[in-house]
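Asks: Below you will find the structure I want to go over with you.
The values are calculated or read from the model by the stated rules, or taken from the named source; none is laboratory data. No experiment lies behind these values; they were computed from the predicted model shown. As a convention, Cβ positions derive from the backbone with ideal geometry for all residues, glycine included, and neighbour counts pool all protein chains shown. Just the protein is used for accessible areas: all its heavy atoms, side chains included, with ligands, DNA and RNA removed. Shrake-Rupley method; radii C 1.70, N 1.55, O 1.52, S 1.80 Å.
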Amino acid sequence: QLSDGRIVVVTEGLIDLYNGTSFKYLHYDEDKDYELSNYSGYNRLYIGPEDGIWLKNNHTLKYINMQDEKFVKNLSQIFQNMGVKERVTDFFIDPYKNFWLLTENNNLFFKDKFKKKASLFLESLPLDDPLFDITVTNNHLYLFFQSGAVAGYEFQTKKKTEYPAPEGGVQLYN
């Protein structure tokens, strides 16, 4: 749900915006997709700052600027304007609407929603266990890996706490 009360519904080929009395339909424009080579999951919707809608789906990322309710084409330019020069390969927004960008060199960048530029948070995440998801709570970043392992980092010191994957791993998909 957006801050103005509208409800966002994601379907196979479009995004529906419901304002309480009627729907507005935004059809996907695949020419405006950005390739996310590290994301192989299905629809994952994030509501970012200014109610911007970010949608990940099977190696792609779409962004809708809700001020004009249009898909934005050049996401690589948005990432460069954030100060991220490497190609972004996965994308996350935490519960506080901050951006987390994983790059082709497996570096994790953090962009506070109140700042214009991102900063390098972690260098060289493991290549053998892909990053699956992130969350932030109580001044800690938690990284969830495909194996089921979790790594926690205290925001200020970046002190790491590891939670290994269970014996035999975790099966995420059938």
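Asks: Considering only residues that are outside any loop (DSSP other than H, G, I, E, B) and open to solvent by 60 Å² or more (accessible area, probe 1.4 Å), look in segment 120-139 and name the one that is modelled with the highest pLDDT.
Replies: Taking the candidates together, the pick is Leu120.
Asks: Still on this structure, I have one more. Mind checking which residues of segment 98-118 are closer than 16 Å to Phe155 by Cβ and open to solvent by 60 Å² or more (accessible area, probe 1.4 Å)?
Replies: Lys113, Phe114, Lys115
Asks: Another question about this same structure. For residues that are of a type outside the set (D, E, K, R) and not in a strand (DSSP E or B), scanning just segment 12-33, find the one that is surrounded by the fewest Cβ atoms within 10 Å (Cβ to Cβ).
Replies: If we take residues in segment 12-33 being of a type outside the set (D, E, K, R) and not in a strand (DSSP E or B), then Thr21 is surrounded by the fewest Cβ atoms within 10 Å (Cβ to Cβ).
Asks: Output the qualifying pairs, or none if there are none: Cβ atoms under 7 angstrom, residues six or more apart or on different chains, first residue in segment 118-130 and under 15 Å from Gly83 (Cα atoms), second residue surrounded by fewer than 16 Cβ atoms within 10 Å (Cβ to Cβ).
Replies: These pairs meet every condition: Ala118/Gly83.
Asks: Within the bounds of segment 91-107, is there any residue that is in contact with a helix residue (DSSP H, G or I) (Cβ under 7 Å, 6 or more places away or on another chain), within 22 Å of Ser3 (Cβ to Cβ) and not small (Gly, Ala, Ser)?
Replies: The answer is yes, given that some residue of segment 91-107 is in contact with a helix residue (DSSP H, G or I) (Cβ under 7 Å, 6 or more places away or on another chain), within 22 Å of Ser3 (Cβ to Cβ) and not small (Gly, Ala, Ser).
Asks: Mind checking which pairs have a first residue in segment 64-76 that is in contact (Cβ under 8 Å) with a residue 60 or more places away in the chain and a second that is hydrophobic (A, V, I, L, M, F, W, C) and buried (at least 17 other Cβ atoms within 10 Å of the Cβ), Cβ under 8 Å, 6 or more apart or different chains?
Replies: Met66/Ile53
Asks: Oh, and also: With the requirement that a residue be at positive phi, surrounded by fewer than 14 Cβ atoms within 10 Å (Cβ to Cβ) and assigned to a loop (DSSP other than H, G, I, E, B), what does segment 34-83 give you? So that I can check it myself, show each step before the final result.
Replies: We begin by selecting, within segment 34-83, every residue at positive phi; these are 50-51, 58-59, 69, 83.
From what's left, surrounded by fewer than 14 Cβ atoms within 10 Å (Cβ to Cβ): 50, 58, 69.
Answer for segment 34-83, where residues must be at positive phi, surrounded by fewer than 14 Cβ atoms within 10 Å (Cβ to Cβ) and assigned to a loop (DSSP other than H, G, I, E, B): Asn58, Glu69.
Asks: So Gln80 clears everything in (1) within 28 Å of His140 (Cβ to Cβ); (2) modelled with pLDDT of 95 or more except one condition, right? Which one?
Replies: (1)
Asks: Also, quick follow-up: Considering segment 84-97 alone, what residues qualify as being aliphatic (A, V, I, L, M) and open to solvent by 10 Å² or more (accessible area, probe 1.4 Å)?
Replies: Filtering segment 84-97 for residues aliphatic (A, V, I, L, M) gives 84, 88, 93.
Within segment 84-97, just Ile93 meets the criteria.
Asks: For segment 140-154, enumerate the residues that are within 19 Å of Pro95 (Cα to Cα) and either part of a loop (DSSP other than H, G, I, E, B) or open to solvent by 40 Å² or more (accessible area, probe 1.4 Å) (or both).
Replies: His140, Tyr142, Phe144, Glu154
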